[in-house]
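A.B. asks: Mind having a look at this structure? Questions to follow.
No value in this document is a laboratory result; all are computed from the given coordinates. As the structure is a computational prediction, the values presented were derived from the model and not from experiment. Counting neighbours? That spans all protein chains shown, and the Cβs are built from the backbone with ideal geometry, glycine included.
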Amino acid sequence: MLTGRGGVTAAAAALAATALLTGQAFATTSAQANGTFYYTDLLGGSQQAVNPTLNTCQLVSILGTSVSNQTDATAILYTDTSCALLANPVSPGSTLTFVFKSYRMVAVHDG
């Protein structure tokens, strides 16, 4: 049994080495929605995100004022920049007029 700080460090290193050898370390996969999320900003500019990443808070450059969600995921619109305040969901294929500062795409689950 390994003890002390050196033992913990050695155990962590051994675990990391095993994970690297088996191909299980640092596997990163970013799930994405299929389709395009369109929004209009406060100045009337058209913006879009093609195949947006799921479950990640995305900021808009200028306040968003309306959306057209042409993806297979639900878009959640927020009035703050950290995807925490006053959420408003927009289902796939739907449009909505709503002032927002950030959004998050979440998968639609059957069931």
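A.B. asks: So how do 76-86, 95-105, 38-48 stack up, highest first, on mean other-Cβ count within 10 Å?
C.D. replies: Order by mean packing, descending: 95-105, 76-86, 38-48.
A.B. asks: What is the sum of charges around residue 80, taking Lys and Arg as +1, Asp and Glu as -1, for the other residues whose C-beta is under 14 Å from the C-beta of residue 80? List each step's numbers first, then the result.
C.D. replies: Values: positive: 101, 104; negative: none.
Counting the neighbours of residue 80, the net charge comes to +2.
A.B. asks: A further question on this structure: Where the centroid of each part is defined by its Cα atoms, how far is region 76-111 from region 31-61 in Å?
C.D. replies: 10 Å
A.B. asks: How far apart, in nm, are the 7 Å Cα→Cβ label points at residue 108 and residue 50?
C.D. replies: Result for the modelled spin labels: 2.2 nm.
A.B. asks: Excluding residue 65 itself, calculate the net charge of residues whose Cβ lies under 13 Å from the Cβ of residue 65, where each Lys or Arg counts +1 and each Asp or Glu counts -1. Don't skip to the answer; put the middle values down first.
C.D. replies: Working: positive: 101; negative: 41.
Result for the neighbourhood of residue 65: 0.
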